[in-house]
Amino acid sequence: MFDKIGGLIKYWHVIALSDELKKGKSFKRNLYQIPLLLWRDEDLKVHALLDICVHRKAPLEVCDFKKNHVLCQYHGWKYNGEGSLIDIPSSQHLVQKMKCKVDSYSIIEQNGFIWIYLATENEKNNLPEPLTEVAGKDWKHYQTSMIFETNEELLVENFMDATHTPMVHNKLIRDNDKKVKHTITILQTHETVHVSYAETKEKIGLGLDWILGKNLTISHTDEFLLPNLVRVNYYINKIHRFQAFIACTPLKDGKTIAFVRLSFQFKWFNYLIKMVIPFLAKKVLKQDFIITQKQFVNQQIFKAKSDNNIDYDAMHNKVKKIRNNKINNVASREESTTQKIGLTL
C-alpha cells in the first residue's frame, strides 16, 4: 500500500501526539495520502489499521474499545484489532472461507509521540529516535503540532535553514540588523546530514541575554534523520540548553503536519519559559507556515525553472539525495563527506 515511498517504508513515522488519542477514542489520519484508523483501547494500547473494508472499500469505525472490534460502516463486516475478519452479518458461514484481512501496523509510543511502522512484515531494525539526550528532571518540554500547506521536503529544508531566520523570524530568533560571521561544518552519512555552527558571540532572541547575562557564546547544530526528522540543538556557554525535535509527516500532496517537541533547561527560569513558549512557538510556526506556503505555490508554477544554489544549500541537496535514494531503493556508494563553509547571519 505504501510502495510508492520505497525504502522509507522501513522507518518509523510520527503519526500523532500521544495527547491526541485519549482512552477509548479513535481518529483518522492520512499518511502519504493513505487513510489510517487509529484508536486507544481500554488498556491504553494504541492500534492502527488501514481505513478500508476488504469487501467494497468502505471506511471503518471502532465499535468496541474493550474487545478492539472494528466495524465496516456500510455492510457491517467486523474485524479484530489485528485486522482479521471475524463477522459478516449477512453471510456468517463465509467468514472462515474468506480468509481476508485489513492491513495492520506496528505502533510505538515514546516521548509524547505515537510512531507507526508502515512495513507490514516484521522487519523493524530501525527504532524511533529515543531523544535520550534531553531526558532528566532538569529538562522541561512543550509539544505541539501544525499542518503546513507544503510538502515534507520543503518543510524539512525550512526547519534546518538558519539563513531564513533573520528575515522570517527577525527579533524572535535572530536580529537582522546585527549580523555575525559563522563557520559551518556539514557532515553527511548514508542516512543523516549534520550541520554544526561554530561557537560565536551573538544575540539570540527570546531574551536569553536577560536570563543568562550578556556576552553569551552560542553554538548550535541542525540535523536531518530519515525519514523526515529534524533535530536542532543550541549550546549556550558550552551548556546544552535547548532542543527542537520536529517530525515532518506528509498527509497528502501539498499538506504536511509538523509534530514539534521543544525541550529546554534554564534552571529556575524553566517555569517562566514554559509559560511563554506556547505563544512564541505558535508565532514562529505561523511565520514558517506563511513563507513555506508561498514557496510551495511558486514551485508548482515555476517547475521548469532551476534553482541558483549557494554553497550553504549543499545540505539541502544532500538531504534530498539521501531521501531520493531511499525512496528509489538505490544503495548509496558514497563515503561520508565533510564540507566547511563561511556564512553571515
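The values are calculated or read from the model by the stated rules, or taken from the named source; none is laboratory data. Keep in mind it's a predicted model, so treat the numbers as computed, not measured. Virtual Cβ from ideal backbone geometry, glycine too; neighbours counted across all protein chains shown. Note: areas computed on protein heavy atoms with side chains; ligands, DNA, RNA excluded. Shrake-Rupley method; radii C 1.70, N 1.55, O 1.52, S 1.80 Å.
General remarks:
- Any hit, the stretch 3-16, residues being among the hydroxyl-bearing types (Ser, Thr, Tyr) and at pLDDT 95 or above: no
- Scanning the stretch 88-103 for residues that are more than 29 Å from the chain's Cα centre (by Cα), open to solvent by less than 40 Å² (accessible area, probe 1.4 Å) and aliphatic (A, V, I, L, M) returns ILE88, VAL95.
- Screening the stretch 104-145 for residues that are of a type in the set (D, E, K, R) and open to solvent by 60 Å² or more (accessible area, probe 1.4 Å) and picking the one that is nearest to ASN68 (Cα to Cα) gives GLU109.
- Helices (runs of 4 or more DSSP H) contained entirely in the stretch 147-242, each with at least 3 residues that are modelled with pLDDT of 95 or more: 152-160
- Entirely in the stretch 10-51, the strands (runs of 3 or more DSSP E) that have 1 or more residues that are of a type in the set (Lys, Arg) and surrounded by 15 or more Cβ atoms within 10 Å (Cβ to Cβ): 25-31, 34-40
- Counted residues, the stretch 165-187 - those being within 19 Å of LEU262 (Cβ to Cβ) and open to solvent by less than 30 Å² (accessible area, probe 1.4 Å): 4
- Test: residue in the stretch 20-30 that is touching a residue at least 40 places away in the same chain (Cβ under 8 Å) and among the hydroxyl-bearing types (Ser, Thr, Tyr): no
- Number of the exception - LEU85 against (1) crowded, with 20+ Cβ neighbours inside 10 Å; (2) within 27 Å of LYS255 (Cα to Cα): (2)
- Residue in the stretch 297-315 that is assigned to a helix (DSSP H, G or I), of a type in the set (Val, Ile, Thr) and exposed (fewer than 10 other Cβ atoms within 10 Å of the Cβ) present: yes
- Any hit, the stretch 246-264, residues being among the hydroxyl-bearing types (Ser, Thr, Tyr) and assigned to a helix (DSSP H, G or I): no
- Members of the stretch 321-341 that are part of a helix (DSSP H, G or I) and either within 20 Å of PHE2 (Cβ to Cβ) or open to solvent by less than 80 Å² (accessible area, probe 1.4 Å) (or both): ILE322, ARG323, ASN324, ASN325, LYS326, ILE327
- Which numbered condition LYS66 misses (of (1) touching a residue at least 12 places away in the same chain (Cβ under 8 Å); (2) exposed (fewer than 12 other Cβ atoms within 10 Å of the Cβ); (3) more than 20 Å from LEU44 (Cα to Cα)): (3)
- Residues of the stretch 114-133 that turn out to be modelled with pLDDT of 85 or more and under 18 Å from PHE224 (Cα atoms), as a count: 1
- Taking residues in the stretch 98-114 that are assigned to a strand (DSSP E or B), and partners anywhere that are of a type in the set (Asp, Glu) and open to solvent by 40 Å² or more (accessible area, probe 1.4 Å), the pairs with Cβ atoms closer than 6 Å and at least 6 places apart or on different chains are SER104/GLU82.
- Failed item, numbered, when VAL276 is tested on (1) at pLDDT below 95; (2) surrounded by 15 or more Cβ atoms within 10 Å (Cβ to Cβ); (3) closer than 19 Å to ARG174 by Cα: (2)
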